[in-house]
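Undergrad: Quick one: structure below, then a few questions.
The values are calculated or read from the model by the stated rules, or taken from the named source; none is laboratory data. Only a predicted model underlies this, so the values are computations on that prediction, with no experimental measurement involved. Cβ placement follows ideal geometry from the backbone for every residue including glycine, while neighbour counts extend to all protein chains displayed. The protein model used for the area step is the full one, side chains on, heavy atoms only, and it has no ligands, DNA or RNA in it. Shrake-Rupley method; radii C 1.70, N 1.55, O 1.52, S 1.80 Å.
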Amino acid sequence: MTSLQQLHRSMLLINSEMQQFQITFGTISFDCLFSTRDKPNYILSLTLRGENPKFFLFDVKKGYWIAPYFGDFYNELASVLRTGKNSGNKLMPKEFLDNLNKTIPTKATMKNNPKPSQIIRLRPDITEQRDRPHFDTWMYWKQSSGKGSTKENRHKTLMVLGPEASDYSSKMNASSKWSAVDLNKSWIVKSN
């Protein structure tokens, strides 16, 4: 996936960890999100545009490689791609990935940095409070209580706020609290 490699290089120049863009295959359009926040692999998500969105997550391995094996979602992706002009065509994973590589933009822009609500919409694997995409505040847990942030909360914190916020959450034993309304709050705690 040479285009993802070029896109990532361009993202580094503008200090971006995610880029949102659209691609089209015949009559089918996808909203896409490329994220370098995921570890150990990066993630490329494709979300079918329209009334019945379908989500497809691709692991982007070292060397910007996506395995031409779609496992659990092969049949669903094949079904999506067989509509309209594409009807009757069989999904060939290697060919699909080659065509995908040709359609991915190679230049990152600030306007393609997704907002929190867009990240939530394009990443179905973020399961915590999907109706609340905006950061509100931190909830601190006493170490002695044995409580702390959940796995889902840590994942959402990393994906929406980034690795620095995720590190802060772990260091301070704090859960991120979310809002349905954009309160324009920063996760960064100002020291007095």
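Undergrad: With 109, 127 as the choices, which residue is touching a helix residue (DSSP H, G or I) at 6+ places or on another chain (Cβ under 8 Å), hydroxyl-bearing (Ser, Thr, Tyr) and under 30 Å from residue 50 (Cβ atoms)?
TA: Residue meeting the stated conditions: 127.
Undergrad: Filter the stretch 133-192 for residues that are assigned to a strand (DSSP E or B) and in contact with a His (Cβ under 9 Å, 6 or more places away or on another chain) and give the result.
TA: Within the stretch 133-192, 178, 179 qualify.
Undergrad: Is one or more of the residues making up the stretch 118-128 buried (at least 17 other Cβ atoms within 10 Å of the Cβ), in contact with a Lys or Arg (Cβ under 6 Å, 6 or more places away or on another chain), farther than 30 Å from residue 25 by Cβ and of a type outside the set (S, T, N, Q)?
TA: Yes, some residue in the stretch 118-128 is buried (at least 17 other Cβ atoms within 10 Å of the Cβ), in contact with a Lys or Arg (Cβ under 6 Å, 6 or more places away or on another chain), farther than 30 Å from residue 25 by Cβ and of a type outside the set (S, T, N, Q).
Each row is one residue, and each column tells you yes or no for (1) over 16 Å from residue 24 (Cα atoms); (2) modelled with pLDDT of 85 or more.
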position	(1), (2)
46	no, yes
51	yes, no
55	no, yes
58	yes, yes
64	yes, yes
79	no, no
83	no, no
92	yes, no
101	no, yes
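Undergrad: Among the candidates 186, 145, 175, single out the residue that is farther than 20 Å from residue 119 by Cα, open to solvent by less than 80 Å² (accessible area, probe 1.4 Å) and small (Gly, Ala, Ser).
TA: Answer to the check: 145.
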